[in-house]
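Structure first, then comments.
Any read-out appearing in this document is the output of simple, stated calculations on the displayed coordinates, not a laboratory observation. Since the model is a prediction, treat every value here as computed from it, not as a measurement. Methodologically, a virtual Cβ is constructed for each residue, glycine included, from the backbone with ideal geometry; neighbour enumeration extends over all protein chains shown.
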Amino acid sequence: MAQTEADLLDTPVAGRPTLILRSPDFHAITEVVAEAVERRTPIGWWLFFIPSLALLGLLGVAVSWLFWEGIGVWGLNVPVGWAWDITNFVFWVGIGHAGTLISAILFLFRQKWRTSINRSAEAMTIFAVMCAMTFPGIHVGRVWVAYWMFPIPNQMDMWPNFRSPLLWDVFAVSVYGTVSALFWYVGLIPDLAMMRDRAKTRTRKLAYGIFALGWRGSVRQWHHYETAYLILAALATPLVLSVHSIVSMDFAVSILPGWHTTVFPPYFVAGAIFSGFAMVLTLMVICRTAFRLEHIITLRHFDYMAKIMLVTGTMVGFAYATEFFTSWYSGNPYEIFTFLNRARGPYAWAYWTMITCNVISPQIFWFKKARTSIPILFVLSIVINIGMWFERFVIIVTSLHRDFLPSSWGYFTPTIWDISCLLGSFGLFFTMFCLFVRFLPMVATAEVKTVLPQADPHWQPGPEREIRDHRAARPAGGPEPAPEGAS
Amino acid sequence: MPFDPSRTSGSSRAPYYGILAEFATPADLYHACERVRDAGFTRWDAHTPFPVHGLEGAMGLRRSPLPWIVLGMGLLGAALGFVLQWWVHASAYPLVISGKPYFAWPAFVPITFEVGILFAALGAVFGMFGLNRLPMHHHPLFRSKVFERVTDDAFFISIESWDPLFDQSATGKLLESLGARSVEILES
């Protein structure tokens, strides 16, 4: 192949962008995706898996100690009653949002480039929601009454308070986790059937076969399946927007200066998509090299993702400015103090870290060279996630640490157990992701095959291998006989 | 495998499942489906590794009733979510919290929405399973060796032997004439 990847980005065939490079046939797609699961476990996989598992063990130790001793093992105290626990929660829920944006919102907008990355982005969503749900679960102090969050009466015959945003949050995140898992599983069924049909051993055939549900690729089945997939996308779209909106209401419905602001729901959703795309990039840069998927996950995909990050990062920057304007315009001295304190107070280092990582650094994505440079993308994806973690830290801790009265001011410092819980949550996330890439097809082959030119029922093989519009092709070449008796 | 009608008995009520024909490309399958549809067959199906655009039209399938199931489930979920909150706070255990009214309907909106979405999504997935008769781990098609490639790169039409128009010799010849790469008889 004489053309480089960069050339192909700029030479769309028949007015459509080339999404999959090297013109593979259907079987080549099956091979490259299934081979990654079927071959012997590479050493590189263990190099990622063992440290992840060690960090997951650290989470187990940290959580056990927390349960044994109480939440005093964290650096929490009056006035900072929420710190890294809720920061981590909001951070991980936000990560998940990019997966749903890719799988649902881009599906509704018919963005076909999503097919190369949607499976792994959805897996990322589910694992991120698992990490997120850990923190509200363990931060309650008395974990044995955590069931008070469920919609059932407790031993005093009392019900949870459904009028509280904290309970809305329980519903929003658990429904989000459930619907994301359903959506992911429905998408997996045809690929699980593919793994079943290729299986060489009885164990594999049975394991993949059970979960493939006896899928036989029937068009009568595809017909209902595609309807279900479209409906799930249409349901997941308002759902994902509601989830981070409701998470933001945990803060916005309170009356605390720094939290009580109506810009939070859209601002949180934009930030969530921003950080989630950064995490997708981090994972995809590694996976496409490790599993030789450069022709499926192309620079074009990275280019698109970087553009979305530029947009959402700039929206987040606009929201930071709006907060300052609103506090000044409110004329409320406590509001004004809170925001000046963010930028100039004891946590100014965290505030300016956030601004540098989230607002300034993504501006490099105005340049196409940066959007298609793997090293720049990889470094920035990590920088942006550091920034987005600090955003949640700044919102939560700087709003709490200087209470209305200077006599009740304080400064939060994390303990070793705060740090262990954060690192441990990354252990949980990467352990799950390593298991995913080892045992499940990480690219949605049934969807990638549909974006190949020859998947079009009006495509005809030719030297140019181009898509011909069938209405235009018939009078010109006329190789296609008109179906007799067609209605 | 070339089609050989002598392999089975001549009765149209034969104890075999039907005929399976393989096509090389989505385009071949698409045009073959149009012909099979126009010939008037009803008990038949096409099988593809991925959803081929427009094939349900070429097969003459009607719209899926799934959206109605989802709508019903979504409305049921939203109603249940709302009634639960009303019943708990205004009827079963009225308690003043933060000075909010017992029947604080605006505060009930988020959970009503979430439960509605949950039920609708469950309706979409399990409704789809029901309409597709899944799970179904055994099927005569799985006896065919060539059918293993249906999830990879092969395209098939299967016509069941209990279709009123089915005649194992004529139907097999029809499929061959439509450009099938191979035609085989499926044991039941």
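Exposed loop sites here mean trypsin sites (Lys or Arg not before Pro) with a DSSP loop assignment and at most 16 other beta-carbon atoms within 10 Å; chain A contains its longest site-free run at A:293-464. The mean sequence separation of alpha-carbon pairs under 8 Å and at least six residues apart, normalised by the residue count of chain A, gives a relative contact order of 29 percent.
If the convex hull of the alpha-carbon atoms of region A:253-409 is projected onto planes in all directions, what is the mean projected area in square nanometres?
Result: 9.9 nm².
Evaluated at q = 0.17, 0.32 Å⁻¹, a Debye calculation over the C-alpha positions of region A:355-404 (equal weights, vacuum) places log10 I(q)/I(0) at -0.56, -1.13. Ignoring solvent entirely, what values of log10 I(q)/I(0) come out of the Debye formula for chain B at 0.10, 0.14, 0.16 Å⁻¹ when each Cα is a single scatterer? Debye intensities relative to I(0), on a log10 scale: -0.56, -0.82, -0.99. With a Förster radius of 25 Å applied to the beta-carbon distance between A:R39 and A:K112, the computed FRET efficiency rounds to 0.30. Simple rule: put +1 on each Lys or Arg Cβ and -1 on each Asp or Glu Cβ in the protein assembly as shown, find the dipole, and look at A:Y208, B:L175, A:F430; the Cα lying farthest toward the positive end is A:F430. In whole angstrom, note down how far apart the Cα centers of region A:62-98 and region B:123-151 are. For region A:62-98 versus region B:123-151, the Cα centre distance is 45 Å.
Binning the C-alpha pair distances of region A:60-104 at 10 Å intervals from 0 yields a P(r) profile of 23, 36, 25, 15, 2 %, listed from the shortest bin outward. Per the Debye calculation on the protein assembly as shown with a single equal scatterer at every Cα and no solvent contribution, log₁₀ I(q)/I(0) for q = 0.07, 0.09 Å⁻¹ amounts to -0.54, -0.85.
Going through the DSSP H helices of chain A, which span 20 Å or more along their own axis at the Cα atoms while scoring at least 1.6 as a mean Kyte-Doolittle hydropathy? Walk me through the numbers before you get to the answer.
Numbers: long enough: A:43-69 (39 Å, 1.65); A:84-100 (25 Å, 0.60); A:118-138 (30 Å, 0.88); A:165-198 (48 Å, 0.86); A:219-252 (48 Å, 0.74); A:264-290 (38 Å, 1.55); A:299-330 (46 Å, 0.44); A:374-393 (29 Å, 1.68); A:416-439 (34 Å, 1.67).
Passing helices, by number: A:43-69, A:374-393, A:416-439.
Let me know the longest stretch in chain A that avoids all GluC sites (Glu not before Pro) found in a DSSP loop with at most 10 other C-beta atoms within 10 Å. Value returned for the longest uninterrupted segment is A:1-463. Based on Cα atoms of region A:245-339, Rg over Rh with Rh as the Kirkwood radius reads 1.18.
Computed over all pairs of different Cα atoms, the Kirkwood value for the hydrodynamic radius of region B:66-131 is 12.7 Å.
Over all distinct Cα-Cα pairs of region A:57-132, the Kirkwood formula returns a hydrodynamic radius of 14.6 Å.
With a Förster radius of 30 Å, plug the Cβ-Cβ distance of B:F103 and A:I255 into 1/(1 + (r/R0)^6) and report the FRET value to the nearest 0.05.
Numbers: r = 23 Å, r/R0 = 0.77.
The pair B:F103/A:I255 has a calculated efficiency of 0.85.
Give me P(r) over region B:105-150, computed from all C-alpha to C-alpha distances, binned every 5 Å, as integer percentages. Spelled out bin by bin, region B:105-150 gives 5, 16, 13, 13, 11, 10, 9, 7, 6, 4, 4, 2 percent. Sparsely packed loop sites in region A:63-147 (the chymotrypsin sites (Phe, Trp or Tyr not before Pro) outside DSSP H, G, I, E and B with at most 16 other Cβ atoms within 10 Å) comprise A:F109.
How big is the Kirkwood radius of region A:136-219, worked out from every pair of different alpha carbons and given in Å to one decimal? Present the calculation step by step, with values, prior to reporting the outcome.
Working: mean 1/r = 0.0617 Å⁻¹.
So the Kirkwood estimate lands at 16.2 Å.
In plain terms, the chain from A:K368 to A:V143 could stretch by 76.0 nm, reckoned as 0.36 nm per residue minus the Cα-Cα distance.
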